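Worksheet for the structure shown next.
The values are calculated or read from the model by the stated rules, or taken from the named source; none is laboratory data. Since the model is a prediction, treat every value here as computed from it, not as a measurement. Note that we place each Cβ from the backbone using ideal geometry, even for glycine, and neighbour counts take in every protein chain shown.
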Amino acid sequence: EDQVTQSPEALRLQEGESSSLNCSYTVSGLRGLFWYRQDPGKGPEFLFTLYSAGEEKEKERLKATLTKKESFLHITAPKPEDSATYLCAVQGVDSGYALNFGKGTSLLVTP
Amino acid sequence: GAVVSQHPSRVICKSGTSVKIECRSLDFQATTMFWYRQFPKQSLMLMATSNEGSKATYEQGVEKDKFLINHASLTLSTLTVTSAHPEDSSFYICSATPRRAGTYNEQFFGPGTRLTVL
């Protein structure tokens, strides 16, 4: 059974204080690993898809990396508007394209 | 591109009534649509997968007679919560996978529907 574990559950950063969010996963065969951002009361907003170990993708202050066991979402010099819950999900070859989500990391960036 | 809408955004109903939630892909055709449920402080849990023109596939523990899914076209899926009870109160979110080459495993999410059953 696919499993996704995100850490930490919550993270508080000062504006400009860089950090990383972790997503550990087990899956029989990885089709893709997804990162989403979710604001309170809203649906997830797509950030990245990573397909194979060693792959990296960047978008503004965010950079996602992937190994065979985990993914990191690096946040460089965060701003208060980056405050949100960041969700990691895996799509396994046996899942029929459905996503298996972790519980998320709640990020708060203070001025 | 890749916009998914849901309607209504929030609904309050009495126990025993049925509620229909619509999910539309606005600028693309969706091969597959998914329905998720999210309880407070929890992550998204997959309820069912629907493909246009065929019956939905439900996850273990999800009652197919209670949560009726109709995938009428490549841009519309509906979820009907029948005889809703307070324990069905939750945030329901749909997602859609674009029907285009090379991106078969992308998923784009709607804004969600907050259901409150009194």
| field | Matching residues in the stretch A:5-25 - criterion: being part of a strand (DSSP E or B) and closer than 21 Å to A:Lys57 by Cα | value | A:Thr5, A:Gln6, A:Ser7, A:Ser19, A:Ser20, A:Leu21, A:Asn22, A:Cys23, A:Ser24, A:Tyr25
| field | Single residue of A:Glu56, A:Glu45 found to be within 12 Å of chain B (Cβ to nearest Cβ), within 14 Å of the chain's Cα centre (by Cα) and of a type in the set (Asp, Glu) | value | A:Glu45
| request: Consider A:Gln91 carefully, then state whether it is of a type outside the set (Val, Ile, Thr) and crowded, with 19+ Cβ neighbours inside 10 Å. | output: yes
| request: Run B:Tyr92 past the list (1) assigned to a loop (DSSP other than H, G, I, E, B); (2) closer than 20 Å to A:Arg37 by Cβ and report the number of the one that doesn't hold. | output: (1)
| remark: Picked from the stretch A:1-17 (must be modelled with pLDDT under 95 and of a type in the set (D, E, K, R)), the residue nearest to A:Val27 (Cα to Cα) is A:Asp2
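A quick yes/no check of all residues on (1) crowded, with 19+ Cβ neighbours inside 10 Å; (2) closer than 16 Å to B:Gly110 by Cβ:
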position: B:Ser43; (1), (2): yes, no
position: B:Met47; (1), (2): yes, yes
position: B:Gly53; (1), (2): no, no
position: B:Val62; (1), (2): no, no
position: B:Asp65; (1), (2): no, no
position: B:Thr78; (1), (2): yes, yes
position: B:Asp88; (1), (2): yes, no
| said: Pairs needed: first member in the stretch A:76-89, within 14 Å of chain B (Cβ to nearest Cβ) and within 24 Å of A:Val4 (Cβ to Cβ); second member anywhere, small (Gly, Ala, Ser) and surrounded by fewer than 20 Cβ atoms within 10 Å (Cβ to Cβ); C-beta distance under 6 Å; at least 6 residues apart or different chains. | reply: A:Thr85/A:Ser106
| Among the strands (runs of 3 or more DSSP E) confined wholly to the stretch B:1-79, which include 2 or more residues that are closer than 26 Å to A:Thr85 by Cβ? | B:4-7, B:10-13, B:19-25, B:30-38, B:45-51
| task | Could you check, for the stretch B:15-23, whether at least one of its residues is under 25 Å from A:Ala89 (Cβ atoms), hydrophobic (A, V, I, L, M, F, W, C) and within 11 Å of chain A (Cβ to nearest Cβ)? | result | yes
| field | Subset tally (residues that are within 11 Å of chain A (Cβ to nearest Cβ) and under 23 Å from A:Pro40 (Cβ atoms)) for the stretch B:24-52 | value | 12
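Given A:Leu73, A:Leu107, A:Leu99, which one is hydrophobic (A, V, I, L, M, F, W, C), within 27 Å of B:Thr49 (Cα to Cα) and in contact (Cβ under 8 Å) with a residue 24 or more places away in the chain?
On the way: A:Leu73 fails: within 27 Å of B:Thr49 (Cα to Cα); A:Leu107 fails: within 27 Å of B:Thr49 (Cα to Cα).
Only one candidate passes the filter, namely A:Leu99.
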| When B:Gly110 is evaluated against the numbered criteria (1) closer than 15 Å to A:Leu99 by Cβ; (2) more than 12 Å from chain A (Cβ to nearest Cβ), which criterion, by number, is the only one it fails? | (2)
| Tally time: how many residues in the stretch B:1-32 are touching a helix residue (DSSP H, G or I) at 6+ places or on another chain (Cβ under 9 Å) and surrounded by 14 or more Cβ atoms within 10 Å (Cβ to Cβ)? | 1
